[in-house]
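First the structure, in the form of structure tokens, and then the observations on it.
The values are calculated or read from the model by the stated rules, or taken from the named source; none is laboratory data. Note that this is a predicted model, so its numbers are computed, not measured. FYI the Cβ positions are ideal-geometry reconstructions off the backbone, even for glycines, and counts take in every protein chain you see.
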């Protein structure tokens, strides 16, 4: 889907951000290990080869802008970090998320800002039909795990659809996003399903930052926790600046930003900078 199509489908919505998490490998020093920890590797008591920093980010999928991020040690879960990101949400935004984030407390943390979640539901989650809508979606209720008596429901609209598996044309993958947008006339299920596919753009953003920009399998070099955090924020700021340049270029030339290569923009930026005696000059 082009960025122009996103704007058309999301008419009436302020922005289209997504939330997700990733991790950074950092230098193996005692200070970093105390601050961030080392994850297990699934082999008993053994630990990963690298100390890791956990990051959750709020990313605008149309322009690949990292709107906010939270950093913590690897023992802090993604759900906990994502729970700090509603501070950067606004009324009218449609916030996309994967299935591991669906929970009533986190859902309410986003909706209280006026934002509308559109989150994938795990396949084993039962979503009874309370009211069937004319576009094939239906109203249902979700409950917090701390509400076994089901006295405090959250009303959601369920969208169910299938996509062809790219590995096999005959195979279908089922998706069931849920949202707070309950009006099929203004926000039809088909259009919301098309918008949910854009959630995968956040994976592209992480790849741009950690693979193209930082370099594949590169470990952040700082030996101190403060230095590690500084390096991560620097990577995010550089990425933001590159996409700002790409969006301005696209607007000037009246192009879809998807037509502009991130890797070529990064290469051009690197070629325009020289290092002389440790001082950057252009």
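Points to keep in mind about this one:
- Those residues of region 73-100 which are within 25 Å of residue 241 (Cβ to Cβ) and either assigned to a strand (DSSP E or B) or out of contact with any helix residue (DSSP H, G or I) (no Cβ under 8 Å at 6 or more places or on another chain) (or both), in sequence order: 81, 84, 85, 87, 88, 90, 93, 95, 96
- In the condition set (1) buried (at least 19 other Cβ atoms within 10 Å of the Cβ); (2) under 21 Å from the mean Cα position of the chain (by Cα); (3) more than 22 Å from residue 203 (Cα to Cα), residue 95 is compliant with all but (3).
- When region 49-72 is filtered for residues that are in contact with a helix residue (DSSP H, G or I) (Cβ under 9 Å, 6 or more places away or on another chain) and assigned to a loop (DSSP other than H, G, I, E, B), the ones remaining, listed by number, are 61, 62, 63, 64.
- When restricted to residues that are within 19 Å of residue 184 (Cα to Cα) and within 27 Å of the chain's Cα centre (by Cα), region 115-138 contains 9.
- Residue match in region 162-180 (condition: over 22 Å from residue 21 (Cβ atoms), without any contact (Cβ under 8 Å) to a residue 60 or more places away in the chain, in contact with a strand residue (DSSP E or B) (Cβ under 8 Å, 6 or more places away or on another chain) and outside any strand (DSSP E or B)): no
- Residue ID - modelled with the highest pLDDT, chosen from residues in region 140-164 that are surrounded by 12 or more Cβ atoms within 10 Å (Cβ to Cβ) and farther than 16 Å from residue 104 by Cα: 159
- Residue under evaluation residue 265, criteria (1) touching a residue at least 60 places away in the same chain (Cβ under 8 Å); (2) assigned to a helix (DSSP H, G or I); (3) buried (at least 16 other Cβ atoms within 10 Å of the Cβ), criterion not met: (1)
- Any hit, region 110-129, residues being exposed (fewer than 13 other Cβ atoms within 10 Å of the Cβ) and not in a loop (DSSP other than H, G, I, E, B): no
- Count - residues of region 165-188 that are over 30 Å from residue 25 (Cβ atoms) and modelled with pLDDT under 90: 16
- A residue that is in a helix (DSSP H, G or I) and within 20 Å of the chain's Cα centre (by Cα) can be found somewhere in region 213-223.
- Residue among 89, 157 that is more than 20 Å from residue 194 (Cα to Cα), in contact (Cβ under 8 Å) with a residue 12 or more places away in the chain and in contact with a strand residue (DSSP E or B) (Cβ under 7 Å, 6 or more places away or on another chain): 89
- Residue, nearest to residue 56 (Cα to Cα), within region 15-33, restricted to residues that are out of contact with any helix residue (DSSP H, G or I) (no Cβ under 8 Å at 6 or more places or on another chain) and in a loop (DSSP other than H, G, I, E, B): 15
- Qualifying residue in region 198-209 (condition: touching a residue at least 24 places away in the same chain (Cβ under 8 Å), surrounded by fewer than 18 Cβ atoms within 10 Å (Cβ to Cβ) and in a loop (DSSP other than H, G, I, E, B)): no
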